[in-house]
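These notes concern the structure reproduced below.
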Amino acid sequence: VGEDPASHVYVRNKIAACAEAGITSIEHRRDATLSEADLLALVEQLNRDPAVDGILVQLPLPPHIDSARVIATIDPDKDVDGFHPTNVGRMMIGLPAFIPCTPHGVLHLLKRSGISCSGKHVVVVGRSNIVGRPLANLLTLKNDLGNATVTLCHTGTPDLGLFTRQADIVIAAAGRPNTVTADMIREGAVVVDVGVNRIPDATKKSGFRLVGDADFAGCSARASAITPVPGGVGPMTITMLLFNTVESARRAAGRG
Ligand code: L34
């Protein structure tokens, strides 16, 4: 809904990934003037449609629309973003649930890189509902992706470096460039950069370039591993969306 340029790129990438994986996707693009009532009606129509296994309302929504209300209207069994309160609650107590795509992508990215979180001190920087908070929660679960000691830092943390310097793994999800700099990480630490920020750059045709929340050049000299932006967590977010959608279709077919 609306004209957020980054959202258009992300949605385009999601549609392309669905096509590549053989998943049918339907884009319902609406102007920023769409009323909340009309959006809720569209979600309800998709809830009822047996051909639809997954519903994703790309955020952010225009300010006149109550995102929480829209998310709560999505059928929890089709909530492939894992944002519905039912899925958030189920996830938090370790019950089967759709896991939010970015946090889930981060956990699999680490696992597939041979980096276990078990017994490690993971410092998460950022407390959003879509990344920081669910990620911190998942990391505390007693399973093969979690079992970490977790510190959740945010804009109310007076001395961020005091915490990040104690981390085995730093996850930057603050939405601000240079939130994590080389002096804030331990030698050999792992840095996962969730940020996707557009920085003005006159040398680029688009007029901007993408940077993460960590200073990549500085941190990569000290870190044992670090994710790039672009090409790091972003593609994993999309991958986990496909995973959740296939999972939903399996469940709907009674083969869950
Ligand atoms: N409902 N809203 C809902 N679900 C989500 O899971 C998201 N998120 C976040 C924003 N709003 C959402 C995404 O889809 C962030 N996000 C997302 C998705 C894809 C990419 C980045 C963030 C991505 O494809 N990143 C590319 C670069 C893209 C570019 O060129 O701008 C990368 O390589 O990082």
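Structure summary
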{"quantity": "Any hit, the range 100-110, residues being within 12 Å of the ligand (Cβ to nearest atom), among the hydroxyl-bearing types (S, T, Y), surrounded by 16 or more Cβ atoms within 10 Å (Cβ to Cβ) and closer than 23 Å to R250 by Cα", "calculated": "yes"}
{"quantity": "Residue match in the range 184-194 (condition: within 24 Å of F83 (Cα to Cα) and either among the small types (G, A, S) or surrounded by fewer than 22 Cβ atoms within 10 Å (Cβ to Cβ) (or both))", "calculated": "no"}
{"quantity": "Within the range 1-88, helices (runs of 4 or more DSSP H) holding 1 or more residues that are over 20 Å from the mean Cα position of the chain (by Cα) and among the β-branched types (V, I, T)", "calculated": "36-48, 67-73"}
{"quantity": "Selection from the range 158-184 of residues that are of a type in the set (S, T, N, Q) and out of contact with any helix residue (DSSP H, G or I) (no Cβ under 7 Å at 6 or more places or on another chain)", "calculated": "Q166, N178, T179"}
{"quantity": "Filter result for S224 (of a type in the set (S, T, Y), within 16 Å of the ligand (Cβ to nearest atom) and at pLDDT 95 or above)", "calculated": "no"}
{"quantity": "Unique residue being more than 23 Å from A6 (Cα to Cα), part of a helix (DSSP H, G or I) and not small (G, A, S) when the list is R250, R222, R255, R186", "calculated": "R250"}
{"quantity": "Qualifying positions in the range 1-42 - among the basic types (K, R) and either surrounded by fewer than 16 Cβ atoms within 10 Å (Cβ to Cβ) or over 18 Å from G231 (Cα atoms) (or both)", "calculated": "R12, R29, R30"}
{"quantity": "Residue in the range 198-208 that is nearest to S113 (Cα to Cα), counting only those that are within 10 Å of the ligand (Cβ to nearest atom) and not in a loop (DSSP other than H, G, I, E, B)", "calculated": "R198"}
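To keep it simple, each residue is scored yes or no on (1) surrounded by fewer than 21 Cβ atoms within 10 Å (Cβ to Cβ); (2) in contact with a His (Cβ under 8 Å, 6 or more places away or on another chain).
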{"residue": "V180", "(1), (2)": "no, no"}
{"residue": "D201", "(1), (2)": "yes, no"}
{"residue": "R209", "(1), (2)": "yes, no"}
{"residue": "M236", "(1), (2)": "no, yes"}
{"residue": "G254", "(1), (2)": "yes, no"}
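The values are calculated or read from the model by the stated rules, or taken from the named source; none is laboratory data. As the structure is a computational prediction, the values presented were derived from the model and not from experiment. Every residue, glycine as well, gets a Cβ built from its backbone with ideal geometry; the counts of neighbours run over all protein chains shown.
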